[in-house]
Amino acid sequence: MKCRKCDQKAVINMRQHKLALCAVHFPQWMVEQTQRFIEKYRMFTPKERVLVAVSGGKDSLSLWDILWQLGYTADGVYIALGIDGGFGYSRKSQELCEKFAAQRGLKLIVVDAAQQLGATIPELAAITQRGKNKPCSVCGLTKRHILDQVAREGQYDVLATGHNLDDEVAVLFGNTLNWNVGYLSRQSPVLPARHAGLVRKVKPLCRFYEREMAAYALVRGIEYIYEECPHAEGSTTIYYKTLLNQLETDRPGAKLSFYLAFLQAKEKGFLAQPQTEDDEEGIGAAGEHLHTCPSCGGPTTLEGLCAFCRMVEKVK
């Protein structure tokens, strides 16, 4: 198959777009589309400082690479979680992030979670007994807190994450299946800052398929960690992705159509915001008053310590 824009061999055929592109035109298309999404959803401007949450995976490093090419002021932040999995998962991920930043002359902020908390994520999960014998709940809470903290203290205007279309649709599918209206009402390419302890959060890759991100990283020569987090095995999200992949095989473009229809429904006001909701993530529903944690200064739906600081107190 040949590239739509030239006679060179295509490296990817995007059936949902009926578009095949070569190794030269495909990455150009990805960069152009990302800029289009940034402008369409009003994520940020060239004058604003962007903090990119990087994990060593293909999506976050590709996002950083794209923003670098577009000329945005974008620094990276990596959180060392102390996850080993028998092959040094966190160590390997950090090394890849550091190599990526060094090759492009970019600034990478590294936060050692174990040093800050006094325990690794697996240790913290065992101590607090959160998450049904898996550290995912503790990990998510810790990452959100540290990312907000780094963005706030570094005076960044926006925090960008590498969530792709497959990630977003899997979450959307799960929340629709369980009719989690609170989460459905909040899911968006842009999450406004609703508290002094938060910055605006954006997902510039939310309309790109995972296979497109993998192809981009390959064509651009981006080294990333191929292994999934050792604790991700058996997760509900991966199961949902498997189901949605089958749907996509039978109906090319189904994931994108599902996601875009959801965003259109939100724009038309079909998803009302709940007025009250007890939210351990500390972000609450849109109409809910957020308090300030007396310990870290972050937001919390309840008076007193936030969920993260309550967890840390148990370790002490």
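The values are calculated or read from the model by the stated rules, or taken from the named source; none is laboratory data. Model, not experiment: these values are computed from the prediction. For neighbour counting, all protein chains shown are included, and Cβ atoms are generated from backbone atoms with ideal geometry for every residue, glycine included.
Within region 220-270, the set of residues being in a loop (DSSP other than H, G, I, E, B) and small (Gly, Ala, Ser) comprises Gly221, Ala232, Gly234, Ser235, Gly253, Gly269. Residues in region 155-162: is at least one closer than 18 Å to Val54 by Cα, small (Gly, Ala, Ser) and not in a helix (DSSP H, G or I)? Yes, region 155-162 contains at least one residue that is closer than 18 Å to Val54 by Cα, small (Gly, Ala, Ser) and not in a helix (DSSP H, G or I). Would you say Val111 is under 18 Å from Arg220 (Cβ atoms), among the hydrophobic types (A, V, I, L, M, F, W, C) and outside any helix (DSSP H, G or I)? Against the criterion (under 18 Å from Arg220 (Cβ atoms), among the hydrophobic types (A, V, I, L, M, F, W, C) and outside any helix (DSSP H, G or I)), Val111 does not qualify.
When every residue of region 253-273 is checked against the conditions, at least one turns out to be exposed (fewer than 15 other Cβ atoms within 10 Å of the Cβ), modelled with pLDDT of 90 or more, closer than 24 Å to Ser60 by Cβ and out of contact with any Lys or Arg (no Cβ under 6 Å at 6 or more places or on another chain). Among the residues of region 281-300, those that are of a type in the set (Ser, Thr, Tyr) and either more than 23 Å from the chain's Cα centre (by Cα) or at pLDDT below 85 (or both) comprise Thr292, Ser295.
Is it true that some residue in region 104-117 is surrounded by fewer than 19 Cβ atoms within 10 Å (Cβ to Cβ), under 30 Å from Met14 (Cα atoms) and at pLDDT 90 or above? For region 104-117, residues surrounded by fewer than 19 Cβ atoms within 10 Å (Cβ to Cβ), under 30 Å from Met14 (Cα atoms) and at pLDDT 90 or above: present.
In region 187-223, the residue that is farthest from Val150 (Cα to Cα) out of those that are over 14 Å from the mean Cα position of the chain (by Cα) and of a type in the set (Lys, Arg) is Arg211. Scanning region 230-261 for residues that are among the charged types (D, E, K, R) and over 23 Å from Cys136 (Cβ atoms) yields a total of 4.
Within region 103-115, the set of residues being of a type in the set (A, V, I, L, M, F, W, C) and over 20 Å from Gly154 (Cα atoms) comprises just one member, Ala114. Restricted to region 76-90, and to residues there that are at pLDDT 95 or above and over 22 Å from Leu218 (Cα atoms), the residue that is surrounded by the fewest Cβ atoms within 10 Å (Cβ to Cβ) is Val77. Within the bounds of region 186-206, is there any residue that is basic (Lys, Arg), in a helix (DSSP H, G or I) and within 22 Å of Leu290 (Cα to Cα)? Yes - at least one qualifying residue is present in region 186-206. Summed over region 164-185, the residues that are among the polar types (S, T, N, Q), part of a helix (DSSP H, G or I) and within 15 Å of the chain's Cα centre (by Cα) give a count of 0. Residues that are in contact (Cβ under 8 Å) with a residue 40 or more places away in the chain and β-branched (Val, Ile, Thr) within region 101-142 comprise Ile109, Ile121, Ile127, Thr128, Val138, Thr142, listed in sequence order. Is there a residue in region 149-163 that is crowded, with 18+ Cβ neighbours inside 10 Å, out of contact with any strand residue (DSSP E or B) (no Cβ under 8 Å at 6 or more places or on another chain) and at pLDDT 95 or above? Among the residues of region 149-163, at least one is crowded, with 18+ Cβ neighbours inside 10 Å, out of contact with any strand residue (DSSP E or B) (no Cβ under 8 Å at 6 or more places or on another chain) and at pLDDT 95 or above, which makes the answer yes. Taking residues in region 221-249 that are touching a residue at least 24 places away in the same chain (Cβ under 8 Å), and partners anywhere that are of a type in the set (Asp, Glu), the pairs with Cβ atoms closer than 7 Å and at least 6 places apart or on different chains are Ile222/Asp65; Lys241/Asp166.
Within region 177-220, the residues that satisfy the criterion of being at pLDDT below 95 and hydroxyl-bearing (Ser, Thr, Tyr) are Tyr183, Ser185. Scanning region 38-93 for residues that are in a helix (DSSP H, G or I) and of a type in the set (D, E, K, R) yields a count of 7. Filtering region 293-308 to residues that are among the polar types (S, T, N, Q) and within 12 Å of Arg194 (Cβ to Cβ) leaves only Thr301.
Applying the criterion of being closer than 23 Å to His145 by Cβ and hydroxyl-bearing (Ser, Thr, Tyr) to the residues of region 41-72, the residue that is surrounded by the most Cβ atoms within 10 Å (Cβ to Cβ) is Ser60. Candidates are the residues of region 109-153 that are more than 17 Å from the chain's Cα centre (by Cα) and basic (Lys, Arg); the one that is nearest to Asp84 (Cα to Cα) is Lys134.
Of all the criteria given as (1) free of Cβ contacts under 8 Å to residues at least 24 places away in the same chain; (2) under 27 Å from Val315 (Cα atoms), the one not satisfied by His145 is (1).
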